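Read-outs: derived from the displayed coordinates by stated rules, not from any lab. Model, not experiment: these values are computed from the prediction. Neighbour counts are summed over all protein chains in view; Cβ atoms, including those assigned to glycine, are modelled from backbone coordinates with ideal geometry.
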Amino acid sequence: MGASPCGRAMSSLWPVSAQELHALLEAAGRGVGLTTVYRALRALAATVRVDVVRDDAGERLYRRRVAEGHRH
């Protein structure tokens with residue numbers, strides 16, 4: 001079974017902001033609220049599935065964590 005179009009797009013988008021992810025999900029026809037996106041990303045960060053980094057403007061960006069190891 002292949003990856004969904006949303007999954008394929010996400011693999012090339014990392015790191016991504018919550019707003020960018022929300023827009024991608026909406027464009028893919030997956031109606032989900034922005035608050036839900038934030039909650040899901042926080043939960044993934046808490047379980048070490050994603051890392052949180054900041055861009056130059058201080059916005060939180062989320063990137064998939066591919067392996068165990070040092071976190072920034």
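Could you please rank LEU34, LEU41, placing first whichever residue has the fewest other Cβ atoms within 10 Å of its Cβ?
Ordered by Cβ neighbours within 10 Å, fewest first: LEU34, LEU41.
For GLU20, what charge total do you get from the other residues with a beta carbon under 13 Å from its beta carbon, if Lys and Arg give +1 and Asp and Glu give -1?
Numbers: positive: ARG60, ARG63; negative: GLU26, ASP55, GLU59.
So the surrounding residues net to -1.
Could you give me the ³J(HN,Hα) list for the range 15-22, computed from phi with Karplus coefficients 6.51, -1.76, 1.60 and θ = phi - 60°, whole Hz, x at Gly and Pro?
3J(HN,Hα) across the range 15-22, in whole Hz: x, 9, 7, 4, 5, 5, 5, 4.
With the crude spin-label approximation of a point 7 Å out along Cα→Cβ, what separation in nm comes out for VAL53 versus ARG39?
2.8 nm
Tell me, what is the FRET efficiency for ALA23 and ARG64 to the nearest 0.05, using R0 = 25 angstrom and their Cβ-Cβ distance as r?
Calculated transfer efficiency: 0.90.
Which whole number of Å³ per residue matches the convex hull of the alpha-carbon atoms in the range 5-64?
77 Å³
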